[in-house]
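Have a look at the structure below before the remarks.
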Amino acid sequence: MAEPSGDGAGPAVTIAADHLSVAVGAVEIARYVFRPVAPVTESVKPYVFPLRSLRGAPLSAYRPWDHRWHKGLQLTLSHLSGENFWGGPTFDPTVTDPPHGYVQRDNNGRQRHEGFDLIAGGDAAPPGEAIVRERLTWLTAGGRAWLAERRTLRVHGVDPAADTWALDVASRLTNLRDRPLVVGSPTTLGRPRAGYTGLFWRGPRAWTGGDVLTPAGPGDEDGAMGSTGEWLAVAGDHDEIDGGGTVLMFAGRSSAPVPVRWFVRTGAFPALCPSPAFDTAFTLAPGATWALWHRVVLAGHRCDAPAAAALADRYRPGAGAPGPESP
């Protein structure tokens, strides 16, 4: 199947002091904020917000009242050897007051932008693509460098006629400590169905109660939570403007020895996360490198289950769309 194509309009990248903007025509479809300003307790880290359809419809949320540290699309780690790179309080199974086990500690780490190795869009990138390669350091609350990261963001598959496009996120994380790092989640520490860690998308508030779509057909939050399907999608209708949208994520790959499992919510709020440590923690040895790759497909229409499956077929690596790339 041919790579998604449209009228030939490709993504263009512009850079400011604190962010990169990716636009197709007059519409900014993504903004990558690489020098964010936020409270320490939000585990300061780069994020992609806004995310928009090619016609400008909103496909993400920023700093919602229930979780201020949720910002569009972010690469996060909720439990890393006692440090919290996710944001907010930390789950601790020994805490009984409050009874839900979350307590605010002085352990909110941050990700520091070190520089770009490549910023390419328009004529400087492959046809129809924009590519960014970045270096980052993950620092603990005490300022210790624990991870060195090389991150690649790739926008591709822009199809104005279908109002669809895709964003690939690839990362290589190297342990800088002289001891192992343990990657886990609230579920690995005992809280059921809370295996969030890794790449996390927070959807528009209007999509609360929206559809969960799976390779097997229509699904729901309960059935999809902790599953291992190739992809998962959330779809909903917009406030203020007519129509709806769909965000489909491929589970992708993790070089860790545990499977990627899905964290998904739609009841309380819409969110998707292909978790690399949902219910099983793993250890990254000193000097070792852990590789991640995921794909996010964004559509400016509300898909039903057959349409979501067709979208996945179209953007699946090896089906004409670009394949996984390591930074």
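The values are calculated or read from the model by the stated rules, or taken from the named source; none is laboratory data. None of the values given here were measured: they were computed from a predicted structure. Note that each Cβ is placed from the backbone with ideal geometry, even for glycine, and that neighbours are counted across all protein chains shown. Areas reflect the complete protein model, heavy atoms only, side chains present, ligands, DNA and RNA absent. Shrake-Rupley method; radii C 1.70, N 1.55, O 1.52, S 1.80 Å.
Would you please list the contacts, defined by Cβ atoms under 8 Å and residues six or more apart or on different chains, that run from a residue in segment 270-296 that is free of Cβ contacts under 8 Å to residues at least 12 places away in the same chain to a residue that is surrounded by 24 or more Cβ atoms within 10 Å (Cβ to Cβ)? Close Cβ pairs satisfying both conditions: none exist.
Within segment 268-286, the residues that satisfy the criterion of being open to solvent by less than 50 Å² (accessible area, probe 1.4 Å) and not hydrophobic (A, V, I, L, M, F, W, C) are 270, 274, 275, 276. All of 136, 213, 167 fail the test of being touching a strand residue (DSSP E or B) at 6+ places or on another chain (Cβ under 9 Å), aliphatic (A, V, I, L, M), in a strand (DSSP E or B) and within 14 Å of residue 266 (Cα to Cα), apart from 213.
Pairing each residue of segment 81-103 that is at positive phi and of a type in the set (Ser, Thr, Tyr) with any residue that is at pLDDT 95 or above and surrounded by fewer than 16 Cβ atoms within 10 Å (Cβ to Cβ), provided the two are 6+ apart or on different chains, yields C-beta distances under 7 Å for 81/182.
What's the total number of residues in segment 215-238 that are touching a residue at least 60 places away in the same chain (Cβ under 8 Å), more than 18 Å from the chain's Cα centre (by Cα) and farther than 20 Å from residue 66 by Cα? Working first, answer last.
First, pick out the residues of segment 215-238 that are touching a residue at least 60 places away in the same chain (Cβ under 8 Å): 215, 217-218, 230-231, 233, 235-238.
Restricting the remaining residues to those that are more than 18 Å from the chain's Cα centre (by Cα) gives 215, 217-218, 236-238.
With the extra rule that they be farther than 20 Å from residue 66 by Cα, the set shrinks to 215, 217-218, 237.
The total comes to 4.
Selection within segment 245-259: residues that are crowded, with 20+ Cβ neighbours inside 10 Å and without any contact (Cβ under 8 Å) to a residue 60 or more places away in the chain. The member of this set that is nearest to the chain's Cα centre (by Cα) is 249. The number of residues in segment 82-107 being more than 22 Å from residue 71 (Cα to Cα) and out of contact with any Gly (no Cβ under 9 Å at 6 or more places or on another chain) comes to 6.
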